[in-house]
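Student: To start, I am sharing the structure in question, which I have written as structure tokens.
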Amino acid sequence: VLKPGTAEDVAAIVKIAAEHHVPIVPQGGNTGLVGGQVPDESNEQIVLSLTRLNAIRAVDPVGNSITVEAGAVLQTVQEEAERHDRLFPLSLGSQGSCTIGGNLATNAGGTAVLAYGNARDLTLGLEVVTGTGDIWNGLRTLRKDNTGYDLKDLFIGSEGTLGIITAASLKLFPLPRTQKTAFIGLSSPDAALTLFNNAQKLAGAKLTGFELMPRLGLEFVLKHGDAMRDPLSSAHDWYVLIEISSGGNEEETDQLIMAILEQAFEADTIEDAALAQSQEQSKQFWKIRHLMSEVQKQEGGSIKHDISVPISAVPAFLSKATEAVLKMVPGCRPVPFGHIGDGNIHFNVSQPVDADKNAYLALWSDMNALVHAIVQEFNGSISAEHGIGKLKQPLLSQFKSPVEMQLMKSIKQALDPKGIFNPGKVL
Ligand SMILES: Cc1cc2nc3c(=O)[nH]c(=O)nc-3n(C[C@H](O)[C@H](O)[C@H](O)COP(=O)(O)OP(=O)(O)OC[C@H]3O[C@@H](n4cnc5c(N)ncnc54)[C@H](O)[C@@H]3O)c2cc1C
């Protein structure tokens, strides 16, 4: 494991590695969910940890930008922005450990994509060590720059296969003055979609969170989470966590979220709702959502799918995929949750109660194939935000056309002619 302290160190390492054909596996916070940051078992790969490159290089509150090194932890960048009365909106459950380099290399999504976009949308410029060991300084903070090919977009989402990101210039936003969160019980994903459309009509860009969770997910949180409480007094089949953020005062934000809820009650779109009365309560609501994945571990094996479909197709996808997995493994327990406002659902399926965990997990590929075929019917994606890495590398060519695969291979060949960057990942 090599831990360089500067971009120049990274460049020197890449030059030596290229000369001797030694594969490099870039690693940030090691929170990736598809194994992209993990070396193979040959004992011949270098793990290049970027964690020592963690300086905040510059903050420009007037130009709304921040320039940070790749190993800076996401939460540190959020806090630095806040110190300047600005918001860096990228928000993930792993934000206390994941790094900006890893976020950009995976084009991370998270809970704020709805209002602010994913990591790609938040990037103004990059500094990258290329396959020849040169440093490309593309740390521009321009909002408009149409001078030829947009190289930064090649490296974003490339999962360490095209170059090593050493620093990035990122967008900042005004810090919202007020935020309101509500935890809502409803009967179906269809109702959630109706609520989403109406909430967006009323709140526009102020709608900054819209997360869907099933009853079973909440039950797992109540059972395994530490001192967690059901925000509502009776059970509902589905839940939505909704967040409104505004530069206006408390009263205006209250009125807006109340208007959304009142309209939804009148139209019978929702069954019940709890409005967070304090920041603490709002954090508790978000904690339920953030625990959704972790608590599934306590329920035995869970077969996971990080998929997206067009937003309007989410209810139909959920009903078809649920029916299919139940037919394949009677008694399995689907816990689909996620960013319904982006059409991104984490379609996780817990094992039947008392089933053998290993025997259940042996069905991983078969269940993936079943669910991914349904995703394809809806023109969706088999990896909405976690990337391809090692885990989904064998699947990529099944879901991309030969033309698309060839274009990707040509780019890889051009930028990494020696094939040293993260071999066996993505392509
Ligand atoms: C609890 C939890 C919640 C999560 N929630 C979300 C979520 O909501 N949305 C989401 O998108 N992801 C989520 N993730 C996945 C993960 O946190 C993100 O993919 C994150 O962006 C990875 O950052 P990292 O620094 O840990 O990267 P790593 O895991 O170290 O690496 C990830 C990939 O990026 C490459 N890489 C890392 N640094 C660099 C660099 N400097 N230059 C080039 N390549 C590099 C690696 O080679 C690897 O392919 C979650 C993970 C956990 C554990």
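Student: Can G424 be described as small (G, A, S), closer than 23 Å to E19 by Cβ and within 16 Å of the ligand (Cβ to nearest atom)?
Tutor: It is true that G424 is small (G, A, S), closer than 23 Å to E19 by Cβ and within 16 Å of the ligand (Cβ to nearest atom).
Student: Do any residues in region 33-48 that are under 22 Å from G133 (Cβ atoms) have Cβ atoms under 9 Å from those of residues that are acidic (D, E), where the two are at least six apart or on different chains, and which pairs are they?
Tutor: Pairs found: G36/E159; Q37/E159.
Student: Please determine whether any residue of region 151-165 is more than 16 Å from the ligand (Cβ to nearest atom), within 24 Å of the chain's Cα centre (by Cα) and at negative phi. Quick ask: steps written out before the conclusion?
Tutor: Residues of region 151-165 that are more than 16 Å from the ligand (Cβ to nearest atom), as a first pass: none.
No - not one qualifying residue is present in region 151-165.
Student: Now for a different question. From the list N30, N43, N54, exactly one residue is open to solvent by 20 Å² or more (accessible area, probe 1.4 Å), closer than 30 Å to K418 by Cα and at pLDDT below 95. Which is it? Walk me through it before giving the result.
Tutor: Values: N30 fails: at pLDDT below 95; N54 fails: at pLDDT below 95.
Answer to the check: N43.
Student: T67 versus (1) crowded, with 17+ Cβ neighbours inside 10 Å; (2) within 9 Å of the ligand (Cβ to nearest atom): which is the lone unmet condition?
Tutor: Checking T67 against (1) crowded, with 17+ Cβ neighbours inside 10 Å; (2) within 9 Å of the ligand (Cβ to nearest atom), the one that fails is (2).
Student: Working only within region 113-135, note down all residues that are closer than 29 Å to S246 by Cα and more than 8 Å from the ligand (Cβ to nearest atom).
Tutor: Answer for region 113-135, where residues must be closer than 29 Å to S246 by Cα and more than 8 Å from the ligand (Cβ to nearest atom): V113, L114, A115, Y116, G117, R120, D121, L122, T123, L124, G125.
Student: Within region 351-365, how many residues turn out to be surrounded by 12 or more Cβ atoms within 10 Å (Cβ to Cβ), closer than 19 Å to T322 by Cα and not small (G, A, S)?
Tutor: 6
Student: If you go through region 150-166 one residue at a time, do you hit one that is free of Cβ contacts under 8 Å to residues at least 12 places away in the same chain and either assigned to a strand (DSSP E or B) or over 20 Å from G93 (Cα atoms) (or both)?
Tutor: Yes, region 150-166 contains a residue that is free of Cβ contacts under 8 Å to residues at least 12 places away in the same chain and either assigned to a strand (DSSP E or B) or over 20 Å from G93 (Cα atoms) (or both).
Student: For Q376, work out the one condition from (1) farther than 24 Å from H339 by Cβ; (2) open to solvent by 50 Å² or more (accessible area, probe 1.4 Å) it doesn't fulfil.
Tutor: Result: Q376 passes all but (1).
Student: Still on this model: For residues in region 136-146 being at pLDDT 95 or above and open to solvent by less than 70 Å² (accessible area, probe 1.4 Å), which is farthest from the ligand (Cβ to nearest atom)?
Tutor: Once the filter is applied, the top-ranked residue is T141.
Student: Could I ask something else about it? Of everything in region 240-255, what is open to solvent by 30 Å² or more (accessible area, probe 1.4 Å) and either in a helix (DSSP H, G or I) or within 14 Å of T181 (Cα to Cα) (or both)? Give them in sequence order.
Tutor: Once the filter is applied, which keeps residues that are open to solvent by 30 Å² or more (accessible area, probe 1.4 Å) and either in a helix (DSSP H, G or I) or within 14 Å of T181 (Cα to Cα) (or both), region 240-255 yields E250, E251, E252, D254, Q255.
Student: From the list S49, S97, pick out the single residue that is among the hydroxyl-bearing types (S, T, Y) and open to solvent by less than 10 Å² (accessible area, probe 1.4 Å).
Tutor: Numbers: S97 fails: open to solvent by less than 10 Å² (accessible area, probe 1.4 Å).
The match here is S49.
Student: Here is a further query. Output the number of residues of region 110-129 satisfying the condition of being out of contact with any helix residue (DSSP H, G or I) (no Cβ under 7 Å at 6 or more places or on another chain) and either modelled with pLDDT of 95 or more or in a strand (DSSP E or B) (or both). I'd like the intermediate steps shown before the answer.
Tutor: Within region 110-129, the subset out of contact with any helix residue (DSSP H, G or I) (no Cβ under 7 Å at 6 or more places or on another chain) is 110-112, 117-118, 121, 124.
Imposing the further condition that a residue be either modelled with pLDDT of 95 or more or in a strand (DSSP E or B) (or both) reduces the set to 110, 117-118, 121, 124.
Qualifying residue count, region 110-129: 5.
Student: Additional query: Strands (runs of 3 or more DSSP E) wholly in region 295-409 with at least 3 residues that are more than 24 Å from G32 (Cβ to Cβ), within 16 Å of the ligand (Cβ to nearest atom) and modelled with pLDDT under 95 - which ones?
Tutor: none
Rundown of residues vs (1) closer than 19 Å to L318 by Cα; (2) open to solvent by less than 70 Å² (accessible area, probe 1.4 Å), yes/no style:
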| site | (1), (2) |
| --- | --- |
| Q200 | no, no |
| A205 | no, no |
| G209 | no, yes |
| G217 | yes, yes |
| V221 | no, yes |
| A227 | no, no |
| H236 | yes, yes |
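Student: Take the conditions farther than 30 Å from I382 by Cβ and over 26 Å from the mean Cα position of the chain (by Cα) and apply them to D9. Does it pass?
Tutor: Considered against the rule, which asks whether it is farther than 30 Å from I382 by Cβ and over 26 Å from the mean Cα position of the chain (by Cα), D9 comes out as yes.
Student: Then there is this: Is it the case that G110 is open to solvent by less than 10 Å² (accessible area, probe 1.4 Å) and more than 13 Å from the ligand (Cβ to nearest atom)?
Tutor: Judged against the criteria, G110 is not a match.
Student: Okay, next question. Could you check, for region 152-169, whether at least one of its residues is open to solvent by less than 40 Å² (accessible area, probe 1.4 Å), closer than 25 Å to R52 by Cα and basic (K, R)? Full working, then the answer.
Tutor: Going through region 152-169, the residues open to solvent by less than 40 Å² (accessible area, probe 1.4 Å) turn out to be 152, 155-169.
Filter once more, keeping what is closer than 25 Å to R52 by Cα: 152, 155-169.
Those left that are additionally basic (K, R): 152.
Yes; the residues of region 152-169 include at least one that is open to solvent by less than 40 Å² (accessible area, probe 1.4 Å), closer than 25 Å to R52 by Cα and basic (K, R).
Student: Sticking with this structure for a sec: What is the one condition in (1) touching a Gly at 6+ places or on another chain (Cβ under 9 Å); (2) of a type in the set (S, T, Y); (3) open to solvent by 10 Å² or more (accessible area, probe 1.4 Å) that Y149 does not satisfy?
Tutor: (1)
Student: Here is a further query. Tell me yes or no: at least one residue of region 246-266 is under 28 Å from the mean Cα position of the chain (by Cα) and within 16 Å of the ligand (Cβ to nearest atom).
Tutor: no
Student: Here is a further query. Any residue that is exposed (fewer than 14 other Cβ atoms within 10 Å of the Cβ) and polar (S, T, N, Q) - is there at least one of those in region 3-23?
Tutor: So far as region 3-23 goes, no, none of its residues is exposed (fewer than 14 other Cβ atoms within 10 Å of the Cβ) and polar (S, T, N, Q).
The values are calculated or read from the model by the stated rules, or taken from the named source; none is laboratory data. The model shown is predicted, which means the values in this text are computed figures rather than measured ones. In this analysis, Cβ positions are derived from the backbone assuming ideal geometry, glycine residues included, and neighbour counts consider all displayed protein chains. Protein only, heavy atoms only, side chains kept; ligands, DNA and RNA dropped before computing areas. Shrake-Rupley method; radii C 1.70, N 1.55, O 1.52, S 1.80 Å.
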